[in-house]
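The structure under discussion appears below in the form of structure tokens.
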Amino acid sequence: MKLKHYLTFATAGLALGLSALTAMAADTIKIGVIAPLTGAGAPWGMAAAEAPKILAADINAKGGLTVGGKTYKVEVVAYDDQYKAAEAVAAYNRLVNQDGVKYMIILSSAATMALKQNVEDDEVVAVTAAYTAKAIEPSTKYLFRMYSTPADYVPSFIAWMKDNVKEKRVVVVNPNDETGWDQTQLSEKLFKENGFEVLGHELFERAQKDFQPLLTKIIAMKPDIIELGGTSPATAGLIIRQARELGYDKLFSKTGGAGPAEIVAGAGAKAAEGVINMLYADPANEGYRRIAAAYKASVGQDPNEILVSFYDGANVLLKAIQKAGDPSDTGKVAAAFASVLPMPSVQGDQLSLGGKAISGVDNQIMTVNYIGVIRDGQPVVIGKTK
Amino acid sequence: MIEQMIVNGLLAGFIYIIMALGFTLIFGIMRIVNFAHGEFYMAGAVVVLFLFGALGWNFFLAVVMAGFLAAALGIVIERVLFRPLVGNELPGMIMSLAVGITLQSIALILFGPSEQSIERPFSGTWQLVNAVVPWDRTVVAIAALVILAAFYLFLKYSRLGLAMQAVAQDRETASLMGVESGLIYASAFGIACALARLAGGLMAPIYTIGPYMGELPMLKAFVVVILGGLGSVPGAVLGGLLIGLSESVLSTLFSSTTALIASFTIVLLIVVMRPTGLMGRGAP
């Protein structure tokens, strides 16, 4: 009898505990992150994981996110996909099935291409950093791109080069994957349209570190611009250094995947002098400096500037959840993107909704990028892309 | 361009040889395929990053210290983790994977995921016929040749080296002749770890340094020893040079992806047509 009494008591206690846990979980909005947290892409992946955490910490410090009159804590759950589609699928399943995530940030094109159908089928609202145009189709409803793609900003970048750079013989170098193929195709077309002579293109494996054979071939083509496109910044630094060692003394440009600090660290300030590269952030901007300082306090290293895009992307997502008024209705949240944009970015530029011209649907946050040049080891903003 | 391709190939080949020597030494003596070899390479680079990059030690002193520390760590790891598995290839392989993942994770926790760079102790280039040769790679190639020569002399003329060869050829007979196999295992593992760390330390200023930097060199070492013959030191030298040169030529004429495919195609052909490799011997 006594045992039965204890069992009843314990069961009631367990039920109470579970209902309290459920209530706690219900008061939390979880944002999942699928990104390469290790390997050469880690500076981008760490920015993808840390930006929403910085935003969540700001919101939680003010008491939480108010949605439909109720206050929610914002929690970020990040998993490493090692820049591999298979790992991304495993991370997605874990986020959706185990962690109960309905909102997500996905970094790579490979991961996005592998997950885009799951996102639509499961009605998960996802913000992707994928450059590939194929990520978003006219039928896409739940997947949004967080920034302007090369297809949006590279035309004005290369048009700027046409007006400001006297060199004209280009070789395009990119990683041998979805991102690299798209970037190669796009930049080759635009360079030709702007009167540059494209001598050829070269693709390399992301794990590669010895570029001497590849550069021997490139230098034999006698280019005066080597365009590094979507090459990761650390790898771009290695390529620049090895090319300088082989005697290449002409220009480097990089229309994608910013990261001037890592380029300088890899190449050395002398070798990196004059490299023209796309920047997501103006290093002198106050808003950017604030979140960069928060990143450094958390990770212990300076961030890749893509941090700013992930911060803005997460901010738009949370604003859409607020606007929808119900975090459990992801259909309403997806529809709310159209009403929260335009809104200001953390740097004070205007974010708007667009992308229809390329993808057939307005599921892309249109951002402003900067054109920078490396001088004395530091990026200096010298222009803006449209 | 041909001269440059040969120079590039030889420079890459020398570092593959140093990596492959340690890998093949452990297999030859302990019959263990050490998949943690790439992480010892990474650890060497990390030690140089710390001693040379952060504390400002002399570069060569930092590299030598990386080698000594590796030898000491290798002896401890061999005694505690690998000794019970000597001769058992599958458990030894699994243990080496576990050691590799552990070392990677420790580096990740201590240094973070970002790739780091250090100042190069040597910069500039020199001309060899029509090829441009960077000084930093020249130093690595010279160091690799010195290490290779020292390793050859050690195996050929020292008592310990001769004992190692005896154990590699026939452990039981060597034991009957008074060779203490425990000492040989510990020495072989320590030397192999030291070779990997010397390679990592030498390459640290040339490439970027990160927790996963050992994966590709490990893969290359594996390809080299399969080509040359598992357990064969001359095979590692031949394999290293062949892979270095073929990669250089194919990457220059076609693409790096073609070179990678070719490396593994060579391995497939060797495994099918000559399973012991070009200069390997069969299992005892």
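The values are calculated or read from the model by the stated rules, or taken from the named source; none is laboratory data. The structure displayed is predicted, hence computed values, not measured ones. Virtual Cβ from ideal backbone geometry, glycine too; neighbours counted across all protein chains shown.
Structure above, values below:
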{"item": "Single condition residue A:350 does not satisfy, out of (1) at pLDDT 95 or above; (2) out of contact with any helix residue (DSSP H, G or I) (no Cβ under 7 Å at 6 or more places or on another chain)", "result": "(1)"}
{"item": "Top-ranked residue in the range B:238-274 [being within 25 Å of residue A:207 (Cα to Cα) and in a loop (DSSP other than H, G, I, E, B); ranked as farthest from the other protein chains (Cβ to nearest Cβ)]", "result": "B:254"}
{"item": "Test: residue in the range B:19-42 that is over 30 Å from residue B:85 (Cβ atoms) and either among the acidic types (Asp, Glu) or at pLDDT 90 or above (or both)", "result": "no"}
{"item": "Restricting the range A:230-256 to residues that are in contact (Cβ under 8 Å) with a residue 60 or more places away in the chain and away from every other protein chain (no Cβ under 12 Å), the residue that is surrounded by the fewest Cβ atoms within 10 Å (Cβ to Cβ)", "result": "A:250"}
{"item": "Failed item, numbered, when residue B:47 is tested on (1) more than 18 Å from residue B:188 (Cα to Cα); (2) not in a helix (DSSP H, G or I)", "result": "(2)"}
{"item": "Single condition residue A:211 does not satisfy, out of (1) within 11 Å of another protein chain (Cβ to nearest Cβ); (2) modelled with pLDDT of 95 or more", "result": "(2)"}
{"item": "Residue check, residue B:277 in contact with a Lys or Arg (Cβ under 7 Å, 6 or more places away or on another chain), more than 14 Å from chain A (Cβ to nearest Cβ), outside any helix (DSSP H, G or I) and crowded, with 22+ Cβ neighbours inside 10 Å", "result": "no"}
{"item": "Condition met for residue A:292 (under 16 Å from the mean Cα position of the chain (by Cα), within 30 Å of residue A:185 (Cα to Cα), among the aliphatic types (A, V, I, L, M) and buried (at least 19 other Cβ atoms within 10 Å of the Cβ))", "result": "no"}
{"item": "Boolean, residue A:372 is under 30 Å from residue A:251 (Cβ atoms), of a type outside the set (A, V, I, L, M) and buried (at least 16 other Cβ atoms within 10 Å of the Cβ)", "result": "yes"}
{"item": "Search result, residues across the range A:38-66 that are closer than 26 Å to residue A:231 by Cα, without any contact (Cβ under 8 Å) to a residue 60 or more places away in the chain and part of a helix (DSSP H, G or I)", "result": "A:42, A:49"}
{"item": "Within the range A:115-190, strands (runs of 3 or more DSSP E) holding 1 or more residues that are at pLDDT below 95", "result": "A:169-175"}
{"item": "Matching residues, the range A:65-99, being small (Gly, Ala, Ser) and at pLDDT below 95", "result": "A:68, A:69, A:85, A:86"}
{"item": "Leading residue by the ranking (surrounded by the most Cβ atoms within 10 Å (Cβ to Cβ)) among those in the range A:216-229 that are in contact (Cβ under 8 Å) with a residue 12 or more places away in the chain and facing chain B (nearest Cβ under 9 Å)", "result": "A:216"}
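Condition check ((1) buried (at least 21 other Cβ atoms within 10 Å of the Cβ); (2) in contact with a strand residue (DSSP E or B) (Cβ under 8 Å, 6 or more places away or on another chain)) across all residues:
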{"position": "A:303", "(1), (2)": "yes, no"}
{"position": "A:331", "(1), (2)": "no, no"}
{"position": "A:337", "(1), (2)": "yes, yes"}
{"position": "A:344", "(1), (2)": "no, yes"}
{"position": "A:362", "(1), (2)": "no, yes"}
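Residue-wise test of (1) surrounded by fewer than 22 Cβ atoms within 10 Å (Cβ to Cβ); (2) more than 30 Å from residue B:179 (Cα to Cα).
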residue: B:23; (1), (2): no, no
residue: B:92; (1), (2): no, no
residue: B:103; (1), (2): yes, yes
residue: B:115; (1), (2): no, yes
